[in-house]
1. In what sequence, highest mean first, do A:312-325, B:358-371 appear when ranked by Cβ atoms within 10 angstrom?
2. Pull out a ≥ b ≥ c, the square roots of the eigenvalues of the alpha-carbon gyration tensor of the stretch A:47-125, then state rounded if a/c is under 1.5, prolate if not and a/b is larger than b/c, and oblate in the remaining case.
3. Each residue of the stretch B:120-132 in order: what ³J(HN,Hα) in whole Hz does its phi give by Karplus 6.51 cos²θ - 1.76 cosθ + 1.60, θ = phi - 60°, with x for Gly and Pro?
4. Go through A:Ile216, A:Pro268, A:Ile317 and say which Cα lies farthest out towards the positive end of the charge dipole of chain A; charges sit on Cβ, +1 for Lys and Arg, -1 for Asp and Glu.
5. As an exercise, identify the trypsin sites (Lys or Arg not before Pro) in the stretch B:22-74 lying in DSSP coil whose Cβ has no more than 14 other Cβ atoms within 10 Å.
6. Could you give the spread of the C-alpha atoms of the stretch A:26-234 along their three principal axes, from largest to smallest, in whole angstroms?
7. Can you grab the distance from the C-alpha centre of the stretch B:64-98 to the C-alpha centre of the stretch B:103-166, Å, no decimals?
8. On a C-alpha basis, how far is the centre of the stretch A:83-128 from the centre of the stretch B:450-489 in Å? Whole number, if you could?
Amino acid sequence: MIPKICLLLGCAALAFGAQPQKVFPYEYSQEDLPNGLRLIVVPTDYANIVANYIVVQTGSRNEVEPGHTGFAHLFEHLMFRGTEKYSPEKYNQTLNRMGAASNASTSDDLTVYHTTFSKEDLDTVLAMEADRFQHLKYAEPEFKTESLAVLGEYNKNSASPFSKLDEVMHDTAFDKHTYKHTTMGFLKDIQDMPNQYAYSLKFFDRYYRPEYTTIIVVGDVKAKAVRAMVDKYWGEWKRGSYRPEIPVEPAQNGPRTAHVDWPSPTLPIVVVAYKAPAYNDATKETAALDALATLAFSSTSDLYQKLVVQEQKADSISGNAPGSVDPSLFEITARVKKVEDLDYVRERILETVKAFQEKPVDTARLDTVRKRLRYQVALSMDNSDTIAQILSYYVALKRTPETMNALYDRYATLTPEDVREVAAKYLVEKGRTIVTLTGPGGAK
Amino acid sequence: MRLIGSLFILVSCAAAQIRTVTLPGKSPLVTFRLVFTTGSAADPADRPGLAYLTAQMIADGGTKDLTYKQVTDAMFPMASGMNAQVDKEMTTFGGATHVDNLAEYYKLLKGRLLTPGWREDDFRRVKDAAINAIKVGLRGNNDEELGKEVLYETLYQGTPYGHFNGGTVSSLEKITLDDVKTFYKSQYSQSQLIIGIAGGYSPEFLASMKKDFGALPAAASPEAAIPAPAVVEKSRIVIVDKDTRSVAYSIGYPIDVTRARPDYAALLLVSSYLGQHRMSSGVLYNRLREKRGLNYGDYAYIEYFPRGMFLMEPQPNLARHRQIFQVWIRPVEPPTAKFALRLALFELDKLNKNGLTQEEFERTREFLSKYVNVLTRTKRAELGYAIDSLFYGIPQYNDYLKTQLAKLTLADVNRVIKENIRTDHVVIAAVTRNGEDLKRQLASDDASPMTYNSPKPKEITEEDTLVVKWPLGVKAEDIKVRPVAEVFQ
């Protein structure tokens, strides 16, 4: 096997030459078990440590029934509620003895369970994880208690106006699709969770199945040995049959607005969002929207320089292109220093959008964005845990590290006209939603 | 030059007074951590926030030769940046770059640190950001961090640690650019600098870097000793009143333990057992969240740990000569607020009375002995911990901790519990709506009955009969309600 660190060096030397190397520089194995479970193993030269990320392609997007928003996230909690073999106490104590770092997170399209530990504990980790994915067992009282911890999470998030903005933006911009609610879910559904034990069992039965799941193992490991362990512990897991019918969002036919009155002092915030397409690396659109977000709204953009650095009317501006399984939102967020400048800042954002629709950017500027994107990846992949974390996002989309390579190949071939085209096609008034938030009279 | 444990970590006092911590390697990345052993404890009494503004002007401003825009434009294609972290006794500048860009990146880093631009427009922007970080970031948007910082401010009143690292609004408003320049000249010296560097740099690069930083003044004014904070004579509560959904608590008191002290490993083990940060293994997490569903999590600390709601692991380079023991109770629903506080103190009392069992001791020791490898898995962390070890005068952290843990006995740990874990003489910070109402509740000895949405095991209901009447021991005159707008004003 080629030493991986050399591969990364090789990437660095060639990345910006005539024939760019793949942006994901590691050799890896990708195999499917007969039950549909996918295993991706990435051996690295980072000694002793192993990162195990288990990606379930289920997020708040999969919450298709009214009244049950937030269940994917609730499950992230319930998965720590034990099995017959491993009570929550035994599970925690076993991880504790390993000195492992373990947690989980949920978003629109995925739930990921991750554990980072010393290599000698890999067999135990895979056995314990297999046990809870196949044999999770919790009684109604424990379910009710855990649903309160979710409410506690909502409560701690609720101190930030950005959480509220996110809720209102999604609720306003979407009519049918499940992206209408945030991953936390609607508060009324969270408050009703304790009454939904039976539904929770159904949710687990539907989605915690091998065909939805990919195990990523990165670190001081050998692929063959990992496969043997996965066969042993995960081989008996039964494939499911449920396929959700995710409602298709109808085309938006006009601009929308909403406003949030925040009860305590804050700086005013404006979010301008546009309906944008699903992640797609078969065309250049996702890559072009990413580049657009950076060119038009990052810290080196003309708009940022004008509003944040020169005029100092805003203290932050950022753009974010979606990379979701289904069409979502391209969002521009600005925090404004004075409430009377809110309209001014919003107008400058709209002007910037218009300018990018009309005139292609300089090729040289696009080149700097391309360069930055590749260095960003190289700089972040400095340990096994982060490598697994980055992969988990791409795996949630298309179940393979090649997703990442495909996207970066698209960045490499982008032209200024590609960027102009996506701005003209997607950042349009009829697909636009603007949400503003102000405190009582702005920040005092 | 002396070897301090790891084959590759070299600590040296070179020809000049600059200390270096180096981790040379074959990585295509180069990681920098430049630490000045100065910080907000050096703020003049009438200028809290000066150390913070100075560091921000360096890390988020232009250089003598380049404007802010020129610096950010130059760093942009490298995907590199520079960040500053200001604590009481350490100011850290961090950054990383690919070896392809090392020369160009270093030029920018050097320019910012050695020849800052000190432009008025940068100062205006940085100052606004610092003020908004208090008004909006802390007071407005983050009840939990707010509670923690109020706890620190209360405990350290009258000492150089007695103000928030980011200063106060009124002080930031009056600090001038000249104040910043003066602070820089007096505090950013060779004697206070530790250069940390890791990755694929050459020995020649390091030599020239040390030569460059020899341009700093040789020595700063001697560092003042940090006095111990006043003893907490009796328990008291500070309630910050603001419009918010729930009630966030932080509980704490000063301890005489730092990494340099003999009881460090034992007390670290105790805090890990009680509430390892963001893990479900701790006692507090288990009793408050898992068994009773009171909130999202509950943890314990023996070292300063800011931004815990955004971080899974502690940041290095927050080394201090003085620390506190702290319990963090994440927001609870207002009707359960008094019960939750009682339960947290009940658990501390239980720990004090019962100590750990042999199994609990061994399991937690095993955890820490291995988890330390996870904590230091990145070059950034490895460098940071090595710099902290230099500050505390201890060997390489991983080896040090493992050795100290291996020597521990259950008797040691239980002695340290008796000496350090208590429920009286504590300060409690709470952030809530209707502060006066919470004050009335907490000042009263009335029971705080607890009802659940599901049946609880006998063990819990029996325990609750004790918890609901657990004496908080705080009188109304020792509970202060502060409107949020006053905090850090």
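1. Answer by packing, highest mean first, reads A:312-325, B:358-371.
2. Taking the square roots of the gyration eigenvalues as a ≥ b ≥ c, the stretch A:47-125 is oblate.
3. With coefficients 6.51, -1.76 and 1.60, one gets 4, 5, 5, 4, 4, 5, 5, 5, 4, 5, 5, 5, 5 Hz.
4. A:Ile317
5. B:Lys26, B:Lys64
6. 48, 36, 34
7. A separation of 15 Å, based on Cα centres.
8. After rounding, the separation between the Cα centres reads 32 Å.
Only the coordinates and a few stated rules stand behind these numbers; no lab work does. On a predicted model such as this, the values are computed, not experimentally measured, just so you know. Glycine gets a Cβ as well: all are built from the backbone with ideal geometry, and neighbour counts include every protein chain shown.
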